[in-house]
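Engineer: Have a look at the structure that comes next, please.
Please treat every number below as a calculation from the coordinates, not as lab data. Everything numeric in this text was worked out from a predicted model, so none of it was measured. All Cβ positions, glycine included, derive from the backbone under ideal geometry; neighbour counts span all protein chains shown.
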């Protein structure tokens with residue numbers, strides 16, 4: 001844990017690019033019931049300032065897990081890791097259908113809780129390939145049960 005805690009304040013990884021095709025957006029709409037036209041209707045979405053369909057913000061947020069598996073260092077001896085929540089999330093730029101995104105992770109804090117779990121707060125930015133503004137920025141909290 002000393003090695004892991006020494007990473008506080010450091011960028012620890014950048015994920016691979018993750019494709020966000022219309023099929024993924026449509027599947028997310030189906031699962032969540034959010035069929036707003038800007039996500040699922042290319043003809044109507046073309047008439048918006050976005051010019052095309054865009055991913056749901058929560059779809060982009062849900063991709064943090066797969067990105068973290070690629071980019072975040074693990075804690076040795078972890079039996080299970082779980083999401084604990086988010087302190088802050090800002091959706092800063094739309095992810096257009098067909099885009100690629102990736103996560104950039106910086107460990108902000110690591111503390112041991114009274115129940116023995118290790119709580120990690122991570123600042124994450126999700127970049128959009130070819131864009132200057134990130135899709136989102138979040139302060140994400142996870143728990144690791146070690147031993």
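Engineer: Using 0.36 nm per residue of separation minus the Cα-Cα distance, give me the extension gain between residue 30 and residue 69 in nm, one decimal. Could you put the intermediate results ahead of the total?
Structural biologist: Values: separation 39, 0.36 × 39 = 14.04 nm, distance 2.52 nm.
Answer, rounded to one decimal: 11.5 nm.
Engineer: A follow-up question, please. Would you mind ranking 35, 56 so that the residue whose beta carbon has the fewest other beta carbons within 10 Å leads the list? Mind dumping the intermediate values first?
Structural biologist: Numbers: 35 11, 56 19.
Fewest to most other Cβ atoms nearby, the residues stand as 35, 56.
Engineer: Please give the Cα centre distance for the stretch 1-47 versus the stretch 67-82, rounded to the nearest Å.
Structural biologist: 19
Engineer: Hey, in the GNM for the chain with a 10 angstrom Cα cutoff, which one of 37, 28, 91 fluctuates hardest?
Structural biologist: 37
Engineer: So, one more: Only one of the values (i) 41, 31, 27; (ii) 54, 30, 22; (iii) 45, 31, 24 was calculated from this structure for Cα extents along the principal axes in Å; name its label.
Structural biologist: Of the listed options (i) 41, 31, 27; (ii) 54, 30, 22; (iii) 45, 31, 24, (ii) comes from this structure.
Engineer: Return a whole-number percent for the relative contact order of the stretch 1-133, with Cα pairs under 8 Å and 6 or more residues apart as the contact set.
Structural biologist: Details: 198 pairs, mean separation 44.9, N = 133.
It comes to 34 percent, rounded to a whole number.
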